[in-house]
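Q: Quick one: this structure, given as structure tokens, is what I'll be asking you about.
The values are calculated or read from the model by the stated rules, or taken from the named source; none is laboratory data. In this text the structure is predicted, and so the values were computed from the model without any measurement. Because the Cβ atoms are built from the backbone with ideal geometry, glycine has one as well, and the counts that use them run over all protein chains shown. These area figures cover heavy atoms from the full protein model, side chains too; ligands, DNA and RNA do not enter into them. Shrake-Rupley method; radii C 1.70, N 1.55, O 1.52, S 1.80 Å.
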Amino acid sequence: MSLTALFKQKTVFSLEVFPPKKTSPTAAILPTLEQLQSINPDFISVTLGAGGTDHYNGTVSVADLIQNQLHIPAVAHVPGLYQTKQQVLDLLDKLSSINIENVLALRGDRIPDKQPAGDFNHANELVAFIKQNRPNFSIASACYPNCHTEAVDFVDDIGNLKRKVDAGVDHLITQLFFDNQAFYDFKEKTEIAGINVPIEAGIMPCTNRNQIARITQISGVPLPKKFRAIMDRYQDNKEAMRDAGIAFAVDQIIDLVSQGVDGIHLYSMNHAGIARQIWEETHSVIEA
């Protein structure tokens, strides 16, 4: 089932998880997924390492559990930079064989000292390839309210996004952000550019200082003054930092939903308890 039609019916609420480490069995994630199942998300996306085939089997196995055991629509990440065309086709065919027809098409992060495969240097190339060769798939992709770190400026970034959408993207999911105004400004830019697909807001509850430092270093996403104040005050109090991080995410979600956001995509980091708490505090607003 294509997920795109859902956005015409409701405010979509979805989750992201990542597969267990290679040394752990797929079943290790099942307790987490079963807790998340009680939230009744509209879909759950499953990450795949930027290196392509590195976590290939784990992604497929976890997506299979979500789709066919828990009966929640699964969306498999497909980063293209380090995959050949044949590898992408093989992955798509594996997904089709387990009734998964929704993917998140990405360029993928660059890995130092690793040579890209050369078939997909940009996400729009991957999107066009999937659309042409496996048209049964519904394709989501990523966007960046704070501007992609490799873009020259927002004009460049929005131009790249428009090419990606025109290649066949059905809906977009944003990178995490902490300032809702950045999302609203970004949404206005997309509308001016004629990008009319649904855009889900990606929210990550940050509950400890090390996590926040790692995320901001990798993503380049700025921290607003309000969040820096929370971190400065509560960073040495584990429980208080956790509660403050959850409260900040809840506040973001309520504001976004009240402003008519198409959907909320919660980066769960496999913390089912935190995801459940956020859902319990926001579901009446999301479902209203």
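Q: Hey, any hits in region 124-142 for a residue that's open to solvent by 20 Å² or more (accessible area, probe 1.4 Å), closer than 20 Å to G263 by Cα and modelled with pLDDT of 95 or more? Walk me through how you get there before you give the answer.
A: Going through region 124-142, the residues open to solvent by 20 Å² or more (accessible area, probe 1.4 Å) turn out to be 124-125, 128-129, 131-136.
Still in the running and closer than 20 Å to G263 by Cα: none.
For region 124-142, residues open to solvent by 20 Å² or more (accessible area, probe 1.4 Å), closer than 20 Å to G263 by Cα and modelled with pLDDT of 95 or more: absent.
Q: Which condition does A28 not pass, out of (1) of a type in the set (A, V, I, L, M); (2) without any contact (Cβ under 8 Å) to a residue 12 or more places away in the chain; (3) within 22 Å of D166 (Cβ to Cβ), if it passes all the others?
A: (3)
Q: Would you please name the residue that is surrounded by the fewest Cβ atoms within 10 Å (Cβ to Cβ), looking only at residues in region 158-194 that are over 20 Å from Y267 (Cα atoms) and small (G, A, S)?
A: G194
Q: Pick out, from region 213-288, the helices (runs of 4 or more DSSP H) lying fully within it that include 2 or more residues that are touching a residue at least 40 places away in the same chain (Cβ under 8 Å).
A: Details: elements: 225-234, 238-258, 272-286.
Fully inside region 213-288 and qualifying: 238-258, 272-286.
Q: If you don't mind, another one. Which members of region 135-174 meet the condition of being farther than 16 Å from D185 by Cβ, polar (S, T, N, Q) and under 16 Å from the mean Cα position of the chain (by Cα)?
A: Answer for region 135-174, where residues must be farther than 16 Å from D185 by Cβ, polar (S, T, N, Q) and under 16 Å from the mean Cα position of the chain (by Cα): S138, S141.
Q: So which of D232, D255, D262, D236 is at pLDDT below 95 and either touching a helix residue (DSSP H, G or I) at 6+ places or on another chain (Cβ under 9 Å) or crowded, with 18+ Cβ neighbours inside 10 Å (or both)?
A: Numbers: D232 fails: either touching a helix residue (DSSP H, G or I) at 6+ places or on another chain (Cβ under 9 Å) or crowded, with 18+ Cβ neighbours inside 10 Å (or both); D255 fails: at pLDDT below 95; D262 fails: at pLDDT below 95.
After ruling out the rest, the residue left standing is D236.
Q: Return a yes/no flag: does region 92-105 have any residue that is in a strand (DSSP E or B) and open to solvent by 30 Å² or more (accessible area, probe 1.4 Å).
A: At the first step, the residues of region 92-105 found to be in a strand (DSSP E or B) are 102-105.
From what is left, the residues that are open to solvent by 30 Å² or more (accessible area, probe 1.4 Å) are none.
No, that holds for no residue.
Q: Has region 261-277 got any residue that is polar (S, T, N, Q) and under 16 Å from N180 (Cβ atoms)?
A: Within region 261-277, the first condition is being polar (S, T, N, Q), and the residues that meet it are 268, 270, 277.
The next check asks that each one be under 16 Å from N180 (Cβ atoms); those that pass are none.
Looking through region 261-277, none of the residues is polar (S, T, N, Q) and under 16 Å from N180 (Cβ atoms).
Q: Still on this structure, please answer the following. Is it the case that some residue within region 132-144 is of a type outside the set (D, E), touching an Asp or Glu at 6+ places or on another chain (Cβ under 7 Å) and under 21 Å from L223 (Cα atoms)?
A: The initial filter retains those residues of region 132-144 that are of a type outside the set (D, E), namely 132-144.
Those left that are additionally touching an Asp or Glu at 6+ places or on another chain (Cβ under 7 Å): 136-140, 144.
This time we only want the ones that are under 21 Å from L223 (Cα atoms), so: 144.
Scanning region 132-144, I find at least one residue that is of a type outside the set (D, E), touching an Asp or Glu at 6+ places or on another chain (Cβ under 7 Å) and under 21 Å from L223 (Cα atoms), so the answer is yes.
Q: Checking the structure you have, find out if any residue of region 119-130 is in contact with a strand residue (DSSP E or B) (Cβ under 7 Å, 6 or more places away or on another chain), part of a loop (DSSP other than H, G, I, E, B) and more than 18 Å from N270 (Cα to Cα).
A: Filtering region 119-130 down to residues in contact with a strand residue (DSSP E or B) (Cβ under 7 Å, 6 or more places away or on another chain) leaves 123, 126-127, 130.
Of the ones still in play, those that are also part of a loop (DSSP other than H, G, I, E, B) are none.
No, the conditions are met nowhere in region 119-130.
Q: Quick check on this structure: which one of E16, E34 is farther than 16 Å from D64 by Cβ and of a type outside the set (V, I, T)? Reasoning before the result, please.
A: On the way: E34 fails: farther than 16 Å from D64 by Cβ.
Only one candidate qualifies: E16.
Q: Taking region 75-90, which residues are closer than 11 Å to Y56 by Cβ and surrounded by fewer than 22 Cβ atoms within 10 Å (Cβ to Cβ)?
A: Q87, D90
Q: Which residue, of Q9, Q35, is open to solvent by 70 Å² or more (accessible area, probe 1.4 Å), closer than 15 Å to E200 by Cβ and over 18 Å from the mean Cα position of the chain (by Cα)?
A: Checking each option against the conditions leaves just Q9.
Q: For region 107-152, which positions are within 18 Å of T4 (Cβ to Cβ) and free of Cβ contacts under 8 Å to residues at least 40 places away in the same chain?
A: K131, P135, I139, S141, A142
Q: Before we move on, is L15 part of a helix (DSSP H, G or I), modelled with pLDDT of 90 or more and under 15 Å from A272 (Cα atoms)?
A: Values: part of a helix (DSSP H, G or I): no; modelled with pLDDT of 90 or more: yes; under 15 Å from A272 (Cα atoms): yes.
No: the conditions fail for L15.
Q: Kindly provide the set of residues from region 106-118 that are open to solvent by 60 Å² or more (accessible area, probe 1.4 Å) and farther than 22 Å from H265 by Cα, ordered by number.
A: So the first thing to find is which residues in region 106-118 are open to solvent by 60 Å² or more (accessible area, probe 1.4 Å), and the list is 109-110, 112-115.
Those that are open to solvent by 60 Å² or more (accessible area, probe 1.4 Å) and farther than 22 Å from H265 by Cα: R110, P112, D113, K114, Q115.
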